[in-house]
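Contents: one structure, followed by commentary.
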Amino acid sequence: MIEIGRLLGSGKEAEVFEHGTLALKLYRPGRPKAPAFREAANLAIVEQLSLPAPRVHVVGDYHGRWGLLMDRVTGTSLADEMLPEPPLSAIREMAALHLRLHREAGTGLPALKPRLAANIERAEPLAPDLRDRLLLALAALPDGDNVCHGDFHPWNILGAGGDAMIVDWLDAASGNPAADVCRTYLLMRRALPAIAEAYVVTYAKAAELAADEIFTWLPVIAAARLAENVPEENEDLLHLAALAPTGG
């Protein structure tokens, strides 16, 4: 039995360790088995599409924690290139990688809009009338069936150039690419405020979209984020959610 090695990375949901020549991602103690199997299924789907993601090998219970064994990705994160001052080349590299995902059909992945609706429904800080507005706004937004990563940000891009790999596929979905880019904007808005808007503009230009097509998703993406229970973000998320159109 190969012993679990050194810690490679740590996040809110899981930790990643060396495990021989592979990487072992263990979800936090007490987490159910479903997320591990869901991420493994997502990775199996993107592997068929030849997208730059680790290959999954095993899903199982490791000393009371659910996790998955997958290829170990080497290299520093793209975020390291972006701090303290991001070169435009790094932002363009990130947008090109994002576009590569979005060109693929998301067949087999969970649908994005129902997931957003479910998260808005269970976001406790939302007042009932605002929740109703947000659900109507979400229903009116365009559907899509492309691969969406759901957690695409510079810390989840390891390596560079043709060797770059994208990790953390738990929230992958089939949906509208503009929603996925808006989610990236929201995730970078606090940690990398100087880059967040520049990223949207760079992606929109490369994808031949208007930036407004991305930002129109912001109220519903922010409202859905409230369900993830990140208290320090709640005030900002509520402000953004309140920008939902009033209709009429």
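Residue selection: P177 fails the criterion of being loosely packed, with under 15 Cβ neighbours inside 10 Å and not aliphatic (A, V, I, L, M).
Of the residues that sit in the range 18-44 and are in a strand (DSSP E or B) and more than 21 Å from the chain's Cα centre (by Cα), which one is farthest from I157 (Cα to Cα)? Applying the filter and picking the extreme gives H19. Here Y203 passes the criteria (1) in contact (Cβ under 8 Å) with a residue 40 or more places away in the chain; (2) open to solvent by 60 Å² or more (accessible area, probe 1.4 Å) except the one numbered (2). Flag not set for I91, criterion: β-branched (V, I, T), open to solvent by less than 20 Å² (accessible area, probe 1.4 Å) and in contact with a Leu (Cβ under 7 Å, 6 or more places away or on another chain). Would you call T74 loosely packed, with under 14 Cβ neighbours inside 10 Å, at pLDDT 95 or above and part of a loop (DSSP other than H, G, I, E, B)? It is false that T74 is loosely packed, with under 14 Cβ neighbours inside 10 Å, at pLDDT 95 or above and part of a loop (DSSP other than H, G, I, E, B). Residues in the range 13-40 that are in contact (Cβ under 8 Å) with a residue 12 or more places away in the chain, open to solvent by 30 Å² or more (accessible area, probe 1.4 Å) and under 23 Å from L109 (Cα atoms): 6 in all.
Of the candidates A123, A140, the single residue that is closer than 20 Å to P245 by Cα, surrounded by 18 or more Cβ atoms within 10 Å (Cβ to Cβ) and of a type in the set (G, A, S) is A123. Figure legend. Inter-residue proximity from the range 135-149: first residues over 21 Å from L170 (Cα atoms), second residues acidic (D, E), beta-carbon distance below 8 Å, spacing 6+ or different chains. Indicated pairs: L135/E121. Kindly evaluate E47 against the criterion of being open to solvent by 80 Å² or more (accessible area, probe 1.4 Å) and in a loop (DSSP other than H, G, I, E, B). So E47 fails the test.
Among the conditions (1) under 17 Å from F152 (Cβ atoms); (2) over 17 Å from the mean Cα position of the chain (by Cα); (3) surrounded by fewer than 17 Cβ atoms within 10 Å (Cβ to Cβ), A242 misses just one, which is (1).
Of the residues making up the range 150-182, those that are over 25 Å from E15 (Cα atoms), in contact (Cβ under 8 Å) with a residue 24 or more places away in the chain and more than 11 Å from the chain's Cα centre (by Cα) are G161, S174, G175, N176, P177, A178. With respect to (1) of a type outside the set (K, R); (2) assigned to a helix (DSSP H, G or I); (3) farther than 23 Å from I221 by Cα; (4) within 16 Å of the chain's Cα centre (by Cα), the lone exception for A95 is condition (3). Going through the range 157-166 one residue at a time, which ones are more than 23 Å from Y27 (Cα to Cα) and open to solvent by 10 Å² or more (accessible area, probe 1.4 Å)? Within the range 157-166, G159, A160, G161, G162, D163 qualify.
Being touching a helix residue (DSSP H, G or I) at 6+ places or on another chain (Cβ under 6 Å) and open to solvent by 60 Å² or more (accessible area, probe 1.4 Å) is a property that does not hold for W169.
Being open to solvent by less than 30 Å² (accessible area, probe 1.4 Å), within 23 Å of Y185 (Cβ to Cβ) and assigned to a loop (DSSP other than H, G, I, E, B), is that true of even one residue in the range 52-67? Yes - at least one qualifying residue is present in the range 52-67. Consider the range 215-239 and keep the residues that are crowded, with 20+ Cβ neighbours inside 10 Å and small (G, A, S). The one that is farthest from I120 (Cα to Cα) is A222.
The values are calculated or read from the model by the stated rules, or taken from the named source; none is laboratory data. The model shown is predicted, which means the values in this text are computed figures rather than measured ones. Every residue, glycine among them, receives a Cβ derived from its backbone with ideal geometry; neighbour counts consider all protein chains shown. What goes into the accessible areas is simple: the full protein's heavy atoms, side chains included, and nothing from ligands, DNA or RNA. Shrake-Rupley method; radii C 1.70, N 1.55, O 1.52, S 1.80 Å.
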